[in-house]
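Read-outs throughout are calculated quantities, based only on the coordinates presented, and are distinct from any laboratory measurement. Since the model is a prediction, treat every value here as computed from it, not as a measurement. Here Cβ is always computed from backbone atoms with ideal geometry, including for glycine, and neighbour counts include all displayed protein chains.
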């Protein structure tokens, strides 16, 4: 339990840091803090997406359905406000719930699918859901054109007493705090998993379901639990995104791109850890923006090279690299577990995050 | 519902399975033999399509002639990618392979954007692209028929190679037991190199065909890649012959729905992925 | 360290201001819409070179900063905020993708710079329960929209169809936000003009995950017995659609399409013969600027423009330069007045901003559109008749 307390204290400290980050940016950068805050928010979105995906991956379920759950959250919010005059903040928790229920349904039929079979089945599920949403009556789901979604924050400009960029700052700060809240929720869930018997259970399910059964772990229950927790967070995220981006459409809300980023980021940062996906999101977002600002053309080539190099030179992600540097000289990390899928990354899970 | 279109729907569907099989065989080899989930496979299509385009623009080559150059070029590109990166992640978790190949895909896509720009291109003169024969009131397109025949030959050839040649036996050996194959002295690394180059070569063939049918763009591979993954998985990993049946099933279903249901063409992807989902789930429950 | 960066930002900002006017451009330079973004960029580069060769803006060289939106909403917002707060621009140009534009609405309203916006044609007019770009931004005095609205595109298309004298039209459309609402509007207008529409059928575009097998849809169009085929889709659908029409021996009087662009080198394809299409700019337009634009474009970029987006971007940047010069200042009200009252140059001829259904400042309207027909490898203008270079020929 001491480990849990330590992690929760660290999470609280992280939360405090996030609360004050906007003010610090504003103090240091003035009006430029508006766009830095947007970039930081985009990194937060990526972090929540990645961490929620990682929770599911801890049970060995390589999902390509993450866009289905962010999309479900987004559409829940959009349809709610299209059809009813519900209170502004109701849509977000509801989006999480709808995504979780959807995950329970998907998870229970895909329990016996493994590896790439599971991956493709979940991808197919997402594509079917996208097409089905588009086919729903326009009066409900907006059809191909989509649905407008009300903004969460609309600070008013008071001429004379403030500048326009300060209004943008207030709005961005509002969204930043909401996403920071989501990240903290995700981190707490992740930490509770990592610091309880669930962690061993998840790892057992991932490495060998038969052995897990012998250990007294119910693989089906663990997989569903991970699916529901992961999708609940993804649903919340999609719901907030719908508010921030002002509209949803089938192609945007259920984009394969979201799914791919959800999987790429934790691998880059370090799988099966809490810190890895967050670190991965921050560094990847930072690298992409830096490349974009440095090269006028072809900056994504550099981004691709970074991804390739990362897997060649730090196979266990940023977290793996960091712990290797810390432990340099020790023998514990030198042995690579070959063969079994997830083998090397399992070693990364041994590292504390 | 207009049943007079039914014969045409069946013929179009059967022929369309050729293209699906064609874009799937290379991927089946990569996943089945090497066990690598290659996210950059769609970019191999794209490179194949653009190379065919460039050979047409620079030398006036017909795409069929270009096949002779594009296929080996893709094999070389595949081999270089294998030697410079894939080789190092063979024993890594499949997620690491996904990230690596995703990165390679981004590099290829954006290189193409730099070289050829983002606007769709056209291989302007393909004499047989619009060619169709009327047989008993049903139209048979030259390109669908051609890709159907080519893909059958490729699948048969690949099957024969895996079953009856020393290289094929080596491939199956390493596919079944990586460590064991290494112990009996097979040069596992070389077998993988050949398999990956062959996979890229096959993607190149598919890419040329895509370049004929569509306009080459940096993102042209995307639509086919997801479907190719799904077909390979539907066939079952390592089951090269199964590709034909899998491709036939989904292509026929797509064509029937597109023809018989109002606005059915817009339902193509939904039908395709619904079949994939249901079959995978059903199969997993039946086995248990 | 951060202090130094902050100082540096402020210093750069000051330098930028001292050196004259800077215009911030938002455009999708990478990803699936890169073709459009790069066409815009090429048009901006040409206009910029010409503007500065002609003395610049307010006696100083004009500068542009192009930011990539990737046609992604979140990226677009961050890029806009960078232009406003880090680069300190007062004028925004470029613009593409309705999703990105909808995400930018709140930010536009916050900063209220002058926004001249090319794309985002989804007006929302005529779509119940959905607020489009014109409905959300059209009434803002600082918002200028360059590209025609969706209903203006449809107006031109149906007017052309009516001019051909056909009695019935089969309407095929891609199923996303572009073709879906567009087809509903088009079907209504065609019927209003006295034509029957025996088939309205959706298809999956190659741009949105389709694999380009349109045979089932074409077979339905053939079975409908309509005189003409009218399709609304994307430029990457052109080659598969036209070749499969021939393969299936479908033989309507006219094959008319309204994609946002046409693939390069399609002119030379045999499938192009007799195909008609809607387009904003062609080098053989009767006005003198059409040809000079082409020559200057080829001289700079080494090839002819792939689609009319380059021409619109060129027109947009020139309108800024001319308006700011006419105002003699960068004062917002003065520049708005100058944009509002000025007449500007473009490869399509003279143009100006005027009210549309909701918008205060709409640049090009349905009058921008021309219909061309591929006749023996040449894009002849066949409609409107006043600009025609050749008579419309039936495909039969």
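Quick notes on this one:
- Between the C-alpha center of region C:161-216 and that of region B:130-182 there is a gap of 38 Å.
- Percent RCO, i.e. relative contact order, over chain A, from Cα pairs under 8 Å lying at least 6 residues apart: 29 percent
- Translational diffusion of region C:222-314 was estimated from the Stokes-Einstein equation, with Rh taken as the Kirkwood radius over Cα pairs; at 25 °C and 0.890 mPa s the coefficient is 167 µm²/s.
- Cα long-axis angle, helix C:309-327 against chain C (0 to 90 degrees, to the nearest 10): 40 degrees
- Kirkwood-based Rg to Rh ratio, region B:13-224, C-alpha trace: 1.00
- Spherically averaged projected area of the convex hull of Cα atoms, region C:89-198: 7.7 nm².
- Residues C:301, C:145 arranged by fewest to most Cβ contacts within 10 Å: C:301, C:145
- GNM top mover of A:316, A:112, A:26 - chain A, alpha-carbon springs below 10 Å: A:112
- Cα Rg over Rh - region A:237-296, Kirkwood: 1.05
- Relative contact order [Cα under 8 Å, 6+ residues apart], region B:13-224, whole percent: 48 percent
- Over the protein assembly as shown - Rg/Rh using Cα atoms and the Kirkwood inverse-distance radius: 0.96
- Between region A:229-305 and region C:256-304, the Cα center-to-center distance that results, in Å: 38 Å
- Rg/Rg_globular for region C:266-319, with Rg_globular taken as 2.2 N^0.38 Å and Rg from C-alpha atoms: 1.24
- Ascending count of other beta-carbon atoms within 10 Å, so fewest first, for C:295, C:72: C:295, C:72
- Taken over region B:113-216, the ratio of Cα radius of gyration to 2.2 N^0.38 Å equals 1.52.
- Cubic angstrom per residue, convex hull over Cα atoms of chain C: 139 Å³
- Inter-chain shielding of B:270-276 (mean C-beta neighbours from other protein chains, 10 Å cut-off): 6
- Relative contact order of chain C, defined on C-alpha pairs under 8 angstrom at six or more residues apart (%): 16 percent
- Candidates A:276, A:107, A:216: whichever shows maximal mean-square fluctuation once chain A is modelled as a Gaussian network with Cα springs under 10 Å: A:216
- Which of A:287, C:279 has the fewest Cβ neighbours within 10 Å, and the rest in rising order: A:287, C:279
- Beta bridges assigned by DSSP with both partners in the protein assembly as shown are antiparallel in approximately 35 percent of cases.
- Helix C:215-224 and the longest principal axis of the C-alpha atoms of chain C enclose an angle of approximately 60°.
- P(r) tail fraction, region C:296-378 - alpha-carbon pairs more than 22 Å apart, %: 38 percent
- If you wrap region A:65-124 in the convex hull of its Cα atoms and look at it from every side, the mean projected area works out to 4.2 nm².
- For chain A, built as a Gaussian network whose Cα springs stay under 10 Å, the top-fluctuating residue of A:310, A:52, A:63: A:310
- Calculated FRET efficiency, residue A:156 to residue A:192, Cβ-Cβ distance, R0 = 45 Å: about 0.65 to the nearest 0.05.
- Shape of region B:30-154, Cα gyration tensor, a/c cut at 1.5: prolate
- Across q = 0.12, 0.14 Å⁻¹, region A:2-70 modelled as identical point scatterers on its alpha-carbon atoms has Debye log10 I(q)/I(0) values of -0.51, -0.65, in the order of the q list.
- Inter-centroid distance (Cα atoms) of region C:228-253 relative to region C:129-148, Å: 33 Å
- Using alpha carbons only: equivalent-ellipsoid semi-axes of region A:2-256, gyration tensor based, whole Å: 34, 25, 13
- Percent of C-alpha pairs per 5 Å bin, region C:167-259, short to long: 3, 15, 28, 27, 18, 8, 1, 0
- CD proxy at 222 nm, helix term only [per DSSP H run n ≥ 4: -39500 (n - 2.57); per residue of chain C; nearest 500]: -12500 deg cm²/dmol
- Cα-based Kirkwood hydrodynamic radius, region B:115-175, one decimal, Å: 15.2 Å
- Cα shape, region B:27-86, gyration tensor, a/c 1.5 rule: prolate
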